[in-house]
Amino acid sequence: MTVTAADAQLIRCRQVGHTFGTGSNAVVAVHDATFDIPPRARIALMGPSGSGKSTLLHMLAQLEMPTSGTMTGSIFQARNRPGPDTIGLVFQSPSLIPALDVLENVALPLIFAGASDTQARNAAHGALELLGLGWLMHKLPEELSGGQAQRAAIARVLACQPRLILADEPTGQLDHATGHSVLKVLLQAADTLGAAVLIATHDPVVAGLLEEVWHMKDGALERSLEQGRS
Ligand code: ADP
Ligand code: MG
């Protein structure tokens with residue numbers, strides 16, 4: 001099979017939209033978003049609250065299906081297994097499971113995806129080391145600071161070796177200095193993995209660490225690539 005330029009994009013969205021509800025209750029959260037995400041992209045997604053950032057990320061993570069448009073790309077060809085083709089999602093709050101220690105929390109998604117206990121623990125350990133958290137692996141979530149918990153949540157995503165990391169205001173609950181260091185660590189780890197990164201953020205300092213900045217307003221993505229239309 002020949003690989004075309006189109007396949008080389010992790011994600012290609014054309015006129016993608018999502019409307020919640022129907023009729024008089026319909027809310028157009030995102031409309032006509034046209035863009036590509038190439039491998040190793042570094043993109044900040046900015047925009048006021050309610051502008052559609054989370055809905056766009058959720059569609060990319062396939063937590064929410066588009067109600068219009070087309071979403072294709074190499075990333076969707078090998079979902080539903082642990083391995084190098086998955087998409088990882090980091091939320092604003094780390095959502096660690098209180099009864100599990102840090103290593104078990106990070107290993108859990110791999111176990112759900114069918115990895116053996118040993119494989120999952122090894123991958124979890126590697127991801128924690130990558131983020132400088134190896135020394136915390138047997139701590140419980142309640143023993144972590146906010147920044148450590150968010151780094152553990154990032155390790156949980158990295159352990160699956162995603163090719164695309166989506167983060168929804170990942171530093172929103174951290175003070176500025178902690179948020180900055182968490183983000184630096186996330187970007188370094190993404191470099192090591194060769195993953196693309198798309199981060200929704202309100203923080204211009206965070207956006208300044210990324211190569212591209214996209215803006216959303218009232219469900220419209222203002223920076224849309226028009227290439228590849230046919
Ligand atoms: P942001 O992340 O930029 O704050 P969202 O994507 O969360 O924006 O929301 C975009 C719009 O979609 C808002 O008007 C919001 O109220 C609406 N919305 C989000 N989720 C839902 C939902 N589950 N049901 C109905 N409306 C929703
Ligand atoms: Mg949001």
Reported to the nearest 10 Å², His125 has, with a 1.4 Å probe, an accessible area equal to 70 Å²
Expressed as a rounded percentage, what relative contact order does the chain have, with Cα pairs under 8 Å and six or more residues apart?
-> 30 percent
MRE, 222 nm, helices only [DSSP H, n ≥ 4, -39500 (n - 2.57), over the chain, to nearest 500] = -9500 deg cm²/dmol
Note: Ser116 to His138 extended length (0.36 nm per residue) minus current alpha-carbon separation gives 6.0 nm
Farthest positive-ward along the stretch 130-230 dipole, Cα basis, beta-carbon charges - from Val206, Ser181, Ala196 = Ala196
Starting from the Cα of Gln15, step 7 Å along the direction of its Cβ; do the same at Ser145; then give the gap between the two resulting points in nm.
-> 5.1 nm
Here the relative contact order (percent) of the stretch 36-150, from C-alpha pairs under 8 Å and at least 6 apart, is 21 percent
Measure nothing fancy, just the Cα-based angle from helix 176-193's long axis to the longest principal axis of the chain, in degrees from 0 to 90, nearest 10.
-> 80 degrees
Using alpha carbon coordinates only, what is the Rg to Rh ratio of the chain, with Rh defined as the Kirkwood radius?
-> 0.97
What is the diffusion coefficient of the stretch 21-156 in µm²/s, taking the Kirkwood radius over Cα pairs and the Stokes-Einstein relation at 4 °C with a viscosity of 1.567 mPa s?
-> 75 µm²/s
Using label points projected 7 Å from each Cα along Cα→Cβ, tell me how many nm separate Ala99 and Gln62, to one decimal.
-> 3.0 nm
Compute the acute angle (0 to 90°) between the alpha-carbon long axis of helix 117-130 and the principal axis of greatest extent of the alpha-carbon atoms of the chain; round to the nearest 10°.
-> 80 degrees
Treating the angle as unsigned and between 0 and 90°, give the value, to the nearest 10°, between the Cα long axis of helix 146-158 and the longest Cα principal axis of the chain.
-> 70 degrees
Met65: accessible area at probe 1.4 Å, nearest 10 Å²?
-> 110 Å²
Percent of beta bridges antiparallel (DSSP, the chain, rounded to nearest 5) = 45 percent
Convex hull around the C-alpha positions of the stretch 85-190: the volume in Å³ per residue is 86 Å³
Length gained, Asp218-Thr70, 0.36 nm per residue minus C-alpha separation, equals 51.3 nm
Accessible-area composition of the chain, carbon plus sulfur, in percent [1.4 Å probe] | 53 percent
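The values are calculated or read from the model by the stated rules, or taken from the named source; none is laboratory data. Note that the coordinates shown come from a computational prediction; the quantities given were computed from them, not determined experimentally. Every residue, glycine as well, gets a Cβ built from its backbone with ideal geometry; the counts of neighbours run over all protein chains shown. Side chains included, ligands, DNA and RNA excluded: accessible areas come from the protein's heavy atoms. Shrake-Rupley method; radii C 1.70, N 1.55, O 1.52, S 1.80 Å.
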